[in-house]
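K.L.:
Right, I'll just put the structure down here and ask away after.
The values are calculated or read from the model by the stated rules, or taken from the named source; none is laboratory data. Just so you know, these numbers come straight off a predicted model, no measurement behind them. All Cβ positions, even for glycine, are placed from backbone atoms using ideal geometry, and neighbour counts span all protein chains on display. Ligands, DNA and RNA are excluded from the accessible area calculation, which covers all protein heavy atoms including side chains. Shrake-Rupley method; radii C 1.70, N 1.55, O 1.52, S 1.80 Å.
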Amino acid sequence: MENTNTTLLSEVADYYSQKLAKYGETPLGVDWNGAEGQTLRFSQLSRIIQDEDEQSSIIDLGCGYGALLEYLNSKYSIASYLGVDVSKDMVAAAQKCFHAIANARFILGTEPDSTSDFGFASGIFNVRLGCSDDEWLNYLETTLDVLDRTSRRGFAFNCLTSYSDEDKKRDYLYYADPCMLFDLCKVRYSPQVALLHDYGLYEFTLLVRKA
């Protein structure tokens with residue numbers, strides 16, 4: 001399955017590199033509709049960070065051009081940040097945008113090279129292109145294992161929801177079952193899991209807190 005994941009992520013990297021080339025370091029450049037929706041997603045994901053979690057270390061899996069770093073720095077005191085992305089163009093853009101931030105670094109790859117307090121994955125499970133549901137779900141679960149393995153205090157991720165209106169769905173996107181993933185996270189990772197499905201977008205966020 002590693003070879004399958006490598007192939008599909010190569011296709012996804014090309015997809016996002018093309019978006020970046022067309023729209024630049026903007027929400028459209030990472031395939032979001034606009035800044036308002038992007039900020040709303042970040043606010044849901046960051047609920048994993050609580051008041052006592054100041055000076056936390058962060059891993060951002062699928063970091064794009066680093067927009068989450070900018071958001072987190074505006075709200076929290078972050079000890080360190082590692083952004084990981086499969087698109088070399090995204091990594092280059094992030095390094096250019098945030099070169100002045102000493103406690104942030106960006107690497108090309110599918111997995112972090114270190115551990116952190118909290119892991120994030122925003123939007124990386126949406127664009128499946130030509131993959132089957134089974135192939136993409138395998139990739140999703142493998143990636144959640146990575147987030148769990150590399151985060152000490154918890155992780156957060158979002159997905160498009162299977163409860164989306166049928167006429168709004170697109171065949172190159174993946175619509176996950178929030179109930180199934182909630183159960184998977186409760187059973188496999190932690191008894192402390194929150195499902196957020198009430199913020200007005202065709203998606204959901206899962207927060208997995210570790211004891």
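K.L.:
Under a point-charge model restricted to the Cβ atoms of Lys and Arg (+1) and Asp and Glu (-1), what is the dipole moment magnitude of the chain relative to its Cα centre, in debye to the nearest 20?
P.N.:
Using Cβ point charges on Lys, Arg, Asp and Glu, the chain gives about 460 debye.
K.L.:
Would you mind telling me the antiparallel percentage of the DSSP bridges in the chain, rounded to 5?
P.N.:
40
K.L.:
From the mean inverse distance of alpha carbon pairs (Kirkwood) and the Cα radius of gyration, derive Rg over Rh for the chain.
P.N.:
0.93
K.L.:
Taking every DSSP beta bridge that has both residues in region 106-211, what percent is antiparallel when rounded to the nearest 5?
P.N.:
About 65 percent, rounded to the nearest 5.
K.L.:
Check the straight Cα-Cα distances from Lys75 and name the lysines below 30 Å, setting aside those fewer than 8 residues away within the same chain.
P.N.:
In chain and number order, the partners are Lys19, Lys22, Lys88, Lys96, Lys186, Lys210.
K.L.:
Here's another thing I want to ask about it. Find which of Tyr163, Val127, Leu147 sits farthest along the positive direction of the dipole of the chain, computed with +1 on the beta-carbon of Lys and Arg, -1 on that of Asp and Glu, about the Cα centre.
P.N.:
With unit charges placed on the Cβ atoms, the residue in question is Leu147.
K.L.:
Where Lys and Arg each count +1 and Asp and Glu each count -1, what net charge lies around Leu82 among other residues with Cβ under 10 Å from its Cβ?
P.N.:
With Lys, Arg at +1 and Asp, Glu at -1, the net is -1.
K.L.:
Sticking with this structure for a sec: Contour minus end-to-end for Tyr202 and Ala92, with contour as 0.36 nm per residue of separation and end-to-end as the Cα-Cα distance?
P.N.:
In short, 36.6 nm is gained.
K.L.:
Please say if region 104-163 is rounded, prolate or oblate, where rounded means a/c under 1.5 for a ≥ b ≥ c the square roots of the C-alpha gyration tensor eigenvalues, and otherwise the choice is prolate for a/b larger than b/c and oblate otherwise?
P.N.:
Note, shape of region 104-163 comes out prolate.
K.L.:
Could you tell me what percent of the accessible area of the chain is made up of carbon and sulfur, with a 1.4 Å probe and every protein chain present?
P.N.:
Whole-percent figure for carbon plus sulfur exposure: 48.
K.L.:
Separate question: Explain nothing, just the number: relative contact order of the chain, from Cα pairs under 8 Å at least 6 residues apart, as a whole percent.
P.N.:
19
K.L.:
Which values, in whole Å and largest first, are the semi-axes of the equivalent ellipsoid of region 132-211 obtained as the square root of 5 times each eigenvalue of the Cα gyration tensor?
P.N.:
Largest first, region 132-211 gives 23, 15, 9 Å.
K.L.:
What order do Glu166, Glu36, Glu54 take when sorted by accessible area (1.4 Å probe), most exposed first?
P.N.:
I get Glu36, Glu166, Glu54, largest accessible area first.
K.L.:
Who wins for biggest fluctuation among Ile48, Ile101, Ile124 in a Gaussian network model of the chain, springs between alpha carbons below 10 Å?
P.N.:
Ile101
K.L.:
Just how large is the dipole of region 50-157 about the Cα centre, in debye to the nearest 20, putting +1 at every Lys and Arg Cβ and -1 at every Asp and Glu Cβ?
P.N.:
So the magnitude is around 420 debye.
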